[in-house]
Amino acid sequence: MDVTIYEVAKRAGVSIATVSRALRGTGPVAARTREKVLKAVEELNFTPSRLGVSLAEGRHAANGVVFPDLAGPYYAEVLLGYEEVASELGRSVVILSTKGRTRVGDLIKDLAGRVDGMLIFGHTVPEPLVAELVRLGVRLVFVSRDPLPGADTLRSENTGSARALAAHLREHGYERYAFLGAPLTSRDDVDERWQGVRGVLGGAIEAVATGQYTVECGHEAATKLLKGAGRPRAIVCSDDEVALGALLAAEELGLDVPGDVAVTGWDDIMAARHARPALTTVRQPMRELGARAARALDELITGARDTPSHIVLTTELVVRSSCGQHPQEVPT
C-alpha cells in the first residue's frame, strides 16, 4: 500500500499542511521542521501525489459531483436539490459525468484534488478507488448506496415500498408478472426493488433486462415481451422512464393499459403524473436526496461532524390508473 501524506505528518510530528508547505515551498517552515519532514519522507519512501498534497492545502469553496450519466429527470432532480443548497452555503459545484469516459479513476482523483469534498452517485466509482479516497481523507457523501466505512450515505427506502406495490398488484388477481430493469448484478436500489417484489410474488414474476434505465430501453424490452408467448399481465418497471417506454410499446401494439396489461414505475417524475393512463409508481424524494447530501458534505468539510452518517429517506406508493386501480382508491 502506498504511503500517504498523513503517515509522513505523523512520523515527522507535524500537520499535513506543514508537510505540504515543506515539500512545495509555499509557506514559512522552520529549517529544523523542514529537515524532520524530509527525513520522514526518506524513511517512508514517500512519493507525493497531486491529490494528497492538494487535500492538505486547504479549501477550494467547491464541491465535486460524480454521476454515471446526467441524462434523465432523476439525475436532474437530485442535482437541482444539491445545487440549491450548495449555493446557499457559498459553494460552487464541479460536475463529472463518467458516461463514455476513459481513465475514469484518474479523472476522479484529479477532481478530488480540486474540491473540498465529493458527492458520488451509487457504484459509479470502483471499490478500490473508494477505499483509496477514504484512506486519503477525502470527504465523501454517496447517494443511492449501502453504508460503507469512512463516508456518508443517503438513500431512499426500496424494499418495503416494493413489497407494498407487489401486494397491491396481487390484490387484482394477476397471475403473470415481469420486472423490467437493467441487469441485476450488484446490490443497488433497483436490485432491492426486484428483491422486494419477488419476495411477495415469488415465481410468478420474471426479471427482464433493459440494459439501461431509459424510455428507449423500456420500449424495446416491453415490445419484445408483449409480442412473445405467455405475455405478462402486469409489468413492474425499475423506474418511471422504463415504464413510460412500456406504456408506449403497449399503445403501439394496440394493447389497453390496464385492461390488457398493467404497468407500474418508480420515482414519480412529472411525466408519470401526466401519462395516459396516469402511472402507478413509488414516489421517492429525489430533490431532498440532493439537498441533504449537500448539507451532509458541508458538515464534513467544516468539521461540524467527523463521524459518517447513514440516512434512509421514506418512499411512498402512489396508486393511479395504469395498474387497474380499484374503485375505492383515490388517485394522487
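The values are calculated or read from the model by the stated rules, or taken from the named source; none is laboratory data. Quick caveat, the model's predicted, so the values are computed rather than measured. Cβ coordinates were reconstructed from backbone atoms using ideal geometry, including for glycine residues, and neighbour counts include every protein chain displayed.
Summary of computed values
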read-out	value
Hey, LEU55 of a type in the set (A, V, I, L, M, F, W, C), touching a Pro at 6+ places or on another chain (Cβ under 6 Å) and modelled with pLDDT under 85 or not	no
Candidates GLY150, GLY173, filtered to the one that is on the phi > 0 side of the Ramachandran plot and assigned by TED's automatic domain parsing to the domain that holds ALA262	GLY173
The lone exception for TYR213 - which of (1) under 24 Å from SER97 (Cα atoms); (2) at pLDDT 95 or above; (3) among the aromatic types (Phe, Trp, Tyr) it fails	(2)
Residues that are assigned to a loop (DSSP other than H, G, I, E, B) and free of Cβ contacts under 8 Å to residues at least 12 places away in the same chain, drawn from the range 244-258	GLY254, ASP256
Test result for THR314, touching an Asp or Glu at 6+ places or on another chain (Cβ under 8 Å) and farther than 30 Å from LEU89 by Cβ	no
Members of the range 259-308 found to be touching a strand residue (DSSP E or B) at 6+ places or on another chain (Cβ under 8 Å), surrounded by fewer than 22 Cβ atoms within 10 Å (Cβ to Cβ), at pLDDT 95 or above and not in a helix (DSSP H, G or I), listed by number	ARG283, PRO285
Members of the range 310-328 that are hydroxyl-bearing (Ser, Thr, Tyr) and either assigned to a helix (DSSP H, G or I) or at pLDDT below 95 (or both)	SER321, SER322
Looking only at the range 39-52, and only at residues there that are part of a helix (DSSP H, G or I) and modelled with pLDDT of 65 or more, the one that is surrounded by the fewest Cβ atoms within 10 Å (Cβ to Cβ)	GLU42
Answer residue from the range 112-147, given it is over 20 Å from TYR6 (Cβ atoms) and of a type in the set (A, V, I, L, M, F, W, C) and is modelled with the lowest pLDDT among those	VAL125
Hey, LEU313 within 22 Å of the chain's Cα centre (by Cα) and at negative phi or not	yes
Residues satisfying the stated conditions in the range 139-177, i.e. aliphatic (A, V, I, L, M), closer than 28 Å to LEU279 by Cα and out of contact with any strand residue (DSSP E or B) (no Cβ under 6 Å at 6 or more places or on another chain)	ALA162, ALA166, ALA167
Considering residues of the range 102-127 that are closer than 17 Å to ASP152 by Cα and not in a loop (DSSP other than H, G, I, E, B) only, the residue nearest to the chain's Cα centre (by Cα)	PHE121
Hits in the range 61-80 - residues which are under 16 Å from ASP298 (Cβ atoms) and of a type in the set (A, V, I, L, M, F, W, C)	ALA61, ALA62, VAL65
Verdict on LYS99 being within 18 Å of the chain's Cα centre (by Cα) and charged (D, E, K, R)	yes
